[in-house]
Structure formats: structure tokens, C-alpha cells
Amino acid sequence: MATAIAVAFVVYSCKGKLSEAERINIGETPVQTVRDMFFVQTENGRVKMRVEAPVMERYDNDTLSYDLFPEGLKVFAYTDEGLLETTIRSDNARHETAKKKDDELWEAFGNVVVRNEMKQETMETDTLYWDRKTKEIWTDCYIIMRSPRGYMQGHGMRSDDMARNAMLMNPFDSPVRVAEDTTVVVLDTVNFIGPLLKNSDN
């Protein structure tokens, strides 16, 4: 009698686990989770891009592979000389790769800030798209653009992926503050090393 009860318990327990497994949608379950992700892309021995995120979740299906960054993303892009030129930060992001086509798209959401450190120019928006194949970034959302020469706002922006030549597509008819001063010196505080200090022992 005890054996029969034990067998019945095992069968019931397995049945419960199978029912729970059947309820799991594999397409909505990450195949990999990485914490404190740190990724560096190099070219000819030089760093071209650095990507950091607290969490990365990888998903995979028949036609698409994509990564989610639910706790935010930071991207740092460098010049051919190895100087930091552009940064992108957002509260959330998605990286999508098609399996049958050579397509790769990044999407950033929530408090997106794009900054060209060398030109001291900043763009703020809610959603940003980045096509690595065409090397373009764009948005159709409301956007604010700030630079040492002034301030602009509107809807929609197109630019190269280093944010060197950003174009506001539909600017608002609002005044733009412009401050021109030939005596102003803009310092690259990100890449600036500073003077070499003399050794006190000499």
C-alpha cells in the first residue's frame, strides 16, 4: 500500500512539473543572461567601440536573434586615433540581428542621450535607432539638440553614427540661443591628459 502511494506521488509530482513546463513560452524566455556585461570591439589593434550594461538577456527564434538590456546601456565610440568621440546612453535597449539577412539594428529607449565629446554637442530624445550596416542613427520622436552655439528642438533627426553631422528634420519655430565668441576655447575634457607633473624627487 505504501509503495502504491509513493508511486502515485511521483506520478503526480512529475505531472505538475510537466504542466508548468508546458506553460513556459520558449520564445519569451532568454537563452542566456549576462550580468555586468562589458564588450570591446577593436580594429587593427585599436579600440573602436565599448559597450557596457548591467544586464543583457539573449533571445533566439527561427528568424531572429536579439538581445535586451532592461537596466540600461552605455556605448562609447572611438576615432581611428583611439580618442573617445561619441557616447550613447539609455534606460533600455534592444539589439536585433536577422538570421537570413545581413541586418543589424540597435534600438535605445528612455532618456536617450547622444553626445559628441569632441564637438561638445548633445542630443536628448526618447527613442533612437542605430543601423550598423549603413552607419546611421535616427529618430522620429521629439528631440533636443544642444551645442556651444545654441539650442534647437523639434521632431526627427538623421545623422552618421558618430553624431558628427546631425540634422534636425522638423524644427520648432522657437528662438535659438547663439553665443559666438572667438576668445572661447573648447577643451576636450574626455581625452585631455593635461600637463606632465614634475617628479618631486628630482
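The values are calculated or read from the model by the stated rules, or taken from the named source; none is laboratory data. These figures come from a predicted structure and were not determined experimentally. Ideal geometry is used to build each Cβ from the backbone, glycine not excepted, and the neighbour counts take in all protein chains shown.
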Using the structure shown, decide if residue 122 is within 17 Å of residue 166 (Cα to Cα) and in contact with a strand residue (DSSP E or B) (Cβ under 6 Å, 6 or more places away or on another chain).
-> yes
Can you find a residue in region 145-166 that is loosely packed, with under 14 Cβ neighbours inside 10 Å, more than 24 Å from residue 79 (Cα to Cα) and modelled with pLDDT of 90 or more?
-> no
Could you please find all residues in region 123-137 being surrounded by fewer than 18 Cβ atoms within 10 Å (Cβ to Cβ) and either part of a strand (DSSP E or B) or touching a Ser or Thr at 6+ places or on another chain (Cβ under 6 Å) (or both)?
-> 124, 126, 127, 129, 131, 136
The residue from 30, 54, 70 that alone is in contact (Cβ under 8 Å) with a residue 12 or more places away in the chain and either farther than 30 Å from residue 142 by Cα or of a type in the set (Asp, Glu) (or both) is 30
Hits in region 149-158 - residues which are assigned to a strand (DSSP E or B) and in contact (Cβ under 8 Å) with a residue 24 or more places away in the chain = 150, 151, 152, 157
